[in-house]
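This report concerns only the one structure given below.
The values are calculated or read from the model by the stated rules, or taken from the named source; none is laboratory data. Just so we're clear, the structure is a prediction, and the values are computed from it rather than from any experiment. Side chains included, ligands, DNA and RNA excluded: accessible areas come from the protein's heavy atoms. Shrake-Rupley method; radii C 1.70, N 1.55, O 1.52, S 1.80 Å.
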Amino acid sequence: MNNYFLYYVTGVNAISFLLCGMDKRFAKKKRRRISENTLLFVSAIGGSIGFYIGMKLFSHKTLHKKFSIGIPSMILAHGMILVLLDRNGFLY
């Protein structure tokens, strides 16, 4: 697998995880929140696993259907994309 791809996926998932934790902290402190669009965008560009782990660890956005259904759906879609890329030799 391409090292740059691994760096990207690791980085975007770390950012997504951190954003989830930060938003939960902001919510508890009644501070300005990170927009749902931003959280979903970072998840959609490859950070879905990081956000899912953050959702479970921080108990954040778990009651919002947009997240409780959307994030696992993104994980499945990202998995299917990886399989297609791998089968066509794009990950080497």
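Here is how the numbers come out for the structure above:
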item: At q = 0.30 Å⁻¹, base-10 log of I(q)/I(0) for the stretch 1-48 (Debye sum, equal scatterers on each alpha carbon); result: -1.03
item: Calculated log₁₀ intensity ratio I(q)/I(0) where the Debye formula runs over C-alpha points of the chain, q = 0.11 Å⁻¹; result: -0.33
item: Rounded tilt (10° steps) of 3-28 against the dominant C-alpha axis of the chain; result: 10
item: Area of V12 that stays accessible when all protein chains are in place (1.4 Å probe, Å², to 10); result: 10
item: Surface accessible to a 1.4 Å probe, I15 within the full protein complex, Å²; result: 90
item: M22, M80, M55, M74, ranked by accessible area, largest first (probe 1.4 Å); result: M80, M22, M74, M55
item: Accessible area of L76 in the full protein assembly, 1.4 Å probe (Å², nearest 10); result: 120
item: Spatially close lysines, pair count over the chain: Cα under 20 Å, gap of eight or more or interchain; result: 11
item: Largest-first ordering by accessible area, 1.4 Å probe, given options R33, R25; result: R25, R33
item: Value of relative contact order over the chain, rounded to a whole percent, pairs C-alpha under 8 Å and six or more apart; result: 32
